[in-house]
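Asker: The following block contains the structure, expressed as structure tokens.
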Amino acid sequence: MTLQLATKDGSDAGTEVGRDAPLQIKGMTVSYGQKPAVFSVDMTVPAGAMTAIIGPNGAGKSTLLKAALGILKPLAGQTLVFGRTLAESRDRIAYVPQRASVDWDFPTRVIDVVLMGLYPKLGLLGRVRASHRAAATACLSRVGMEDFATRQIGQLSGGQQQRVFLARALAQDADLYLLDEPFAGVDAATEKAIIAVLKALRDAGKTVVAVHHDLSTVPEYFDRVFLINTRKVAEGPVEEAFTIENLQAAYGGRLATAQVDQLNGTLG
Ligand SMILES: Nc1ncnc2c1ncn2[C@@H]1O[C@H](COP(=O)(O)OP(=O)(O)OP(=O)(O)O)[C@@H](O)[C@H]1O
Ligand SMILES: [Mg+2]
């Protein structure tokens, strides 16, 4: 046991990816039915980087994130966050789910959605004070939504809701941010606003992992990629792992010739 651990530490030494990496997923297998949606996936996310999770529809990207967060129970697998168990590191993780996964039937104001991000700090019976409101408002400002604080969340457009959920994640003041398609269905201005916020987090030393669909913006937005199609296809710095070969392995026939041509341009 000790020997095994020592070997593991040794093999990680000298790389930026130590055993206290912000996110380490080991042997993750998740199944909804008979066929696994995610099979035996390992993933290591180093600190202070922006990582894109890439793969076709149904590749298991959302499932991997949910299982890593304990939202879904995997058949097998383990998650370590900064070298600790999920339970020990809950308050260091912020998660923004894929859009439309929440249905806001009852009226909730935008500011209250953002204040939810502060609940772990408030405690269950903690009172919302002026300072909390100010913090929540500041997070809304960072995503350009301060004018919508008292609107009902259900009355916002999809892109506006997406910004509010990002504001809630910011309010959590986490160290690891997991976002499932933060740019889905948002306009170009909102996409620019969101990527600026994420890059600011990264530049402040935070770790950002986002499921991303637009292959053409990967080199501009991200430092690293993780390619998946049920199984892991590749992971690493964009320059090394974001290759036509890996993309073809992940997307198979679904990577259209036009996309390949475009990527050949993007990849130089
Ligand atoms: N709740 C569920 N019950 C049964 N099967 C599911 C469920 N959620 C997802 N699946 C299946 O698991 C597989 C992986 O789904 P997942 O949502 O993780 O894919 P994804 O990579 O996030 O796709 P997308 O790009 O469309 O968001 C798919 O085949 C999907 O149909
Ligand atoms: Mg998904």
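Asker: Going through 75, 80 one at a time, which residue ends up being surrounded by 13 or more Cβ atoms within 10 Å (Cβ to Cβ), modelled with pLDDT of 95 or more and away from ligand 1 (no atom under 16 Å from the Cβ)?
Answerer: Answer to the check: 80.
Asker: Something else now. Mind checking which residues of the stretch 62-81 are in contact (Cβ under 8 Å) with a residue 60 or more places away in the chain, over 11 Å from residue 43 (Cβ atoms) and within 13 Å of ligand 2 (Cβ to nearest atom)?
Answerer: Answer for the stretch 62-81, where residues must be in contact (Cβ under 8 Å) with a residue 60 or more places away in the chain, over 11 Å from residue 43 (Cβ atoms) and within 13 Å of ligand 2 (Cβ to nearest atom): just 62.
Asker: Out of 27, 18, I need the residue that is at pLDDT below 95 and surrounded by fewer than 19 Cβ atoms within 10 Å (Cβ to Cβ). Which one? I'd like the intermediate steps shown before the answer.
Answerer: Numbers: 27 fails: at pLDDT below 95.
Only one candidate qualifies: 18.
Asker: Could I ask something else about it? Would you mind telling me which numbered condition in (1) in contact with a helix residue (DSSP H, G or I) (Cβ under 8 Å, 6 or more places away or on another chain); (2) open to solvent by 10 Å² or more (accessible area, probe 1.4 Å) residue 166 fails?
Answerer: The single condition residue 166 does not satisfy is (2).
Asker: Please specify each residue of the stretch 175-208 satisfying the condition of being away from ligand 1 (no atom under 16 Å from the Cβ), at negative phi and of a type outside the set (A, V, I, L, M).
Answerer: Passing the criteria: 175, 177, 187, 190, 191, 192, 199, 202, 203, 206, 207.
Asker: Which of the following residues is within 14 Å of ligand 1 (Cβ to nearest atom) and either of a type outside the set (Ser, Thr, Tyr) or closer than 28 Å to residue 116 by Cβ (or both): 54, 93?
Answerer: 54
Asker: I would also like to ask the following. Going through 236, 253 one at a time, which residue ends up being out of contact with any Leu (no Cβ under 6 Å at 6 or more places or on another chain), without any contact (Cβ under 8 Å) to a residue 60 or more places away in the chain and in a strand (DSSP E or B)? Break it down into steps so the answer makes sense when it comes.
Answerer: Details: 253 fails: in a strand (DSSP E or B).
On inspection, the qualifying residue turns out to be 236.
Asker: Separate question: Select, from 207, 230, 150, the only residue that is open to solvent by 40 Å² or more (accessible area, probe 1.4 Å) and in contact with a strand residue (DSSP E or B) (Cβ under 6 Å, 6 or more places away or on another chain).
Answerer: Going through 207, 230, 150 in turn, the sole match is 150.
Asker: For a quick check of your reading of the model, give me the residue pairs whose first member lies in the stretch 42-53 and is at positive phi, whose second is open to solvent by 10 Å² or more (accessible area, probe 1.4 Å) and not charged (D, E, K, R), with beta-carbon atoms closer than 8 Å and at least 6 apart or on different chains.
Answerer: 48/205
Asker: If you go through the stretch 172-194 one residue at a time, how many are touching a Leu at 6+ places or on another chain (Cβ under 7 Å) and either of a type in the set (Asp, Glu) or surrounded by fewer than 24 Cβ atoms within 10 Å (Cβ to Cβ) (or both)?
Answerer: 3
Asker: Next up: On the basis of being more than 11 Å from ligand 1 (Cβ to nearest atom), under 13 Å from residue 178 (Cα atoms) and out of contact with any helix residue (DSSP H, G or I) (no Cβ under 6 Å at 6 or more places or on another chain), does residue 44 make the cut?
Answerer: Criteria not met by residue 44.
Asker: Can you tell which of 92, 133, 142 is free of Cβ contacts under 8 Å to residues at least 24 places away in the same chain and surrounded by 15 or more Cβ atoms within 10 Å (Cβ to Cβ)?
Answerer: 133
Asker: Inside the stretch 182-206, can you point out the residues that are among the hydrophobic types (A, V, I, L, M, F, W, C) and either under 14 Å from the mean Cα position of the chain (by Cα) or closer than 15 Å to residue 142 by Cα (or both)? I'd like the intermediate steps shown before the answer.
Answerer: Filtering the stretch 182-206 for residues among the hydrophobic types (A, V, I, L, M, F, W, C) gives 183-184, 186, 188-189, 193-198, 200-201, 204.
Answer for the stretch 182-206, where residues must be among the hydrophobic types (A, V, I, L, M, F, W, C) and either under 14 Å from the mean Cα position of the chain (by Cα) or closer than 15 Å to residue 142 by Cα (or both): 183, 184, 189, 193, 194, 195, 196, 197, 198, 200, 201, 204.
The values are calculated or read from the model by the stated rules, or taken from the named source; none is laboratory data. It should be emphasised that the depicted structure is a prediction, and the values quoted were computed from it without experimental measurement. Glycine also receives a Cβ, built like all others from the backbone with ideal geometry; neighbour counts cover every protein chain displayed. SASA here: full protein model, heavy atoms, side chains in, ligands and nucleic acids out. Shrake-Rupley method; radii C 1.70, N 1.55, O 1.52, S 1.80 Å.
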